[in-house]
Each structure stands twice: as C-alpha cells, then as structure tokens.
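Written out below as structure tokens is the structure these notes cover.
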Amino acid sequence: MIFFQDTRSLGMIFWIVAILLAANAVMLLAAAFGDYAIEVPDSVTDARMFCLLTGAGNAIAAIIYAGNAHKTMATRRSRLEVIRSYIAVIGLCMLISGISGALAVYLYTDEQSFALYIAIATIVLSAIVLGISRIVADGKKGPVKKVVWAVLVIAFVLMALDAIEEADDYWELAEHIAHMIIAVFMISFIADGDVRREMGVSE
C-alpha cells in the first residue's frame, strides 16, 4: 500500500503516540497537585514528588517524540533516515523516562536499592538502542550491519505482536493501534530493496 511507503504519513502516527505520551505526563503532573487521582505503588513515601518527577521525565520524552513526529511529517526523508531517527528517539525517551523513574524510586519510595537496578538497566538498554541508531545510517556495510538489520526485523515483529495483546482500556487500545501501525511501517521500510542494499543485506 502507498500509505505504508510514504514516510510523511508515518509522521501522523508519531503525533498520535506523542499526544498519548503528553497526556500521560499531564495526568502524572496533575496528580502531583491532587487534581487527578492515579494509583501509586504502596512503597511510595511522597506521592506528590514521585508523580512530579516521573511526570516531568515523561513530559520531556513526549516533547522529544513530538519533535521527531513534526520532522517526519514536515520533511521528506529517506526510509533509512526515518528508521534511524525513530530508533534514536526511542533510545532517548527510554533514557530520560527511565532515569527520572529511577530517581523517583530512589528519592520517594522505600525501595532505594531497586532504583539502582532500574538505572543500570535503563542506561545499558538505552546505550544499545542509541548505538544501533548510529550503525543503521553510518554508510558502512558488513556483517555487523546485517546483524543489526536482522535484530530490527525481529524487534519490529515483536512490536507488532505486542500490539495485538488484549488492552485493559480504550487508552491502551489506542496505544496498541498506533504501535501496530508504526510496526507495519517499520517492517515495510526495513524490507524495502533500497534499505536492504544500503545496509548491505542484499546486492
């Protein structure tokens, strides 16, 4: 389908996810001031500051995601560049929300030791994702690039499978639909002949 080959069409879907991320951040920030009731873990010692810190991290991640959505929709990019920028944004959002979450756990819960594991896992996974984003469009070819291509195919397929899991509410259903469409786009892009050639997967 032409829709799934147009990089700018994907920008609209990115905007949906960005809005969902922003709304989640707003709910957390509102909860910090008692304007919105959300469930917090029993281990939380200061619900206001916990929600404020995690909400701030989510808000920054939403802004970064929205920036990529705008660039994808407003400018014509190659499929490979769209893939690279999407992976980089995911890595940055993961790092920011993960670190803010780890700080919230360390400062405002009774599970300070758990915060260290969250921080370490966040840094390691984010570094891997950001490293992959650099490899994708570095202009080089070789076995590493082929491995990265295969990893991305598996990751996007898993993303699609996760999106068909049953949703608990309409909010989560909207996230699942958006992520399913993104996964289909990414699989379409990564399987494109030009992308495969640029990554050295095919001649």
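The values are calculated or read from the model by the stated rules, or taken from the named source; none is laboratory data. Just so it is clear, the model here is predicted, and its values are computed rather than measured. Glycine gets a Cβ as well: all are built from the backbone with ideal geometry, and neighbour counts include every protein chain shown. The area values use the complete protein model at the heavy-atom level, side chains included, leaving out ligands, DNA and RNA. Shrake-Rupley method; radii C 1.70, N 1.55, O 1.52, S 1.80 Å.
Residues are listed down the side, and each one gets a yes or a no for (1) more than 21 Å from TRP171 (Cα to Cα); (2) modelled with pLDDT under 90:
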{"position": "ILE63", "(1), (2)": "no, no"}
{"position": "ARG84", "(1), (2)": "yes, no"}
{"position": "GLU111", "(1), (2)": "yes, yes"}
{"position": "SER126", "(1), (2)": "yes, no"}
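Checking ALA62 against (1) open to solvent by 30 Å² or more (accessible area, probe 1.4 Å); (2) within 22 Å of ALA121 (Cα to Cα), which single condition isn't satisfied? Only one criterion is unmet by ALA62, namely (1). Hey, among the residues in the stretch 16-51 that are at pLDDT 90 or above and either in contact with a strand residue (DSSP E or B) (Cβ under 6 Å, 6 or more places away or on another chain) or more than 27 Å from HIS179 (Cβ to Cβ) (or both), which one's least open to solvent (accessible area, probe 1.4 Å)? Filtering first and then ranking leaves PHE50.
The C-beta contact set for the stretch 109-128 (first residue closer than 26 Å to VAL89 by Cβ, second residue open to solvent by 90 Å² or more (accessible area, probe 1.4 Å), distance under 7 angstrom, 6+ apart or interchain) comprises ALA115/TYR106.
For the stretch 146-184, taking the residues that are among the aromatic types (Phe, Trp, Tyr) and under 22 Å from ASP6 (Cα atoms), the one that is least open to solvent (accessible area, probe 1.4 Å) is identified as PHE156. THR7 meets all of the listed conditions (1) surrounded by 17 or more Cβ atoms within 10 Å (Cβ to Cβ); (2) among the β-branched types (Val, Ile, Thr); (3) at pLDDT 85 or above but one, namely (3).
Tallying residues that are in contact (Cβ under 8 Å) with a residue 40 or more places away in the chain and β-branched (Val, Ile, Thr) within the stretch 92-104 yields 1. Answer yes or no: is there a residue in the stretch 73-91 that is without any contact (Cβ under 8 Å) to a residue 60 or more places away in the chain and more than 27 Å from SER188 (Cβ to Cβ). No, the stretch 73-91 has no match at all. For the stretch 106-137, the set of residues classified as among the β-branched types (Val, Ile, Thr) and open to solvent by less than 20 Å² (accessible area, probe 1.4 Å) consists of THR109, THR122, VAL136, listed by residue number.
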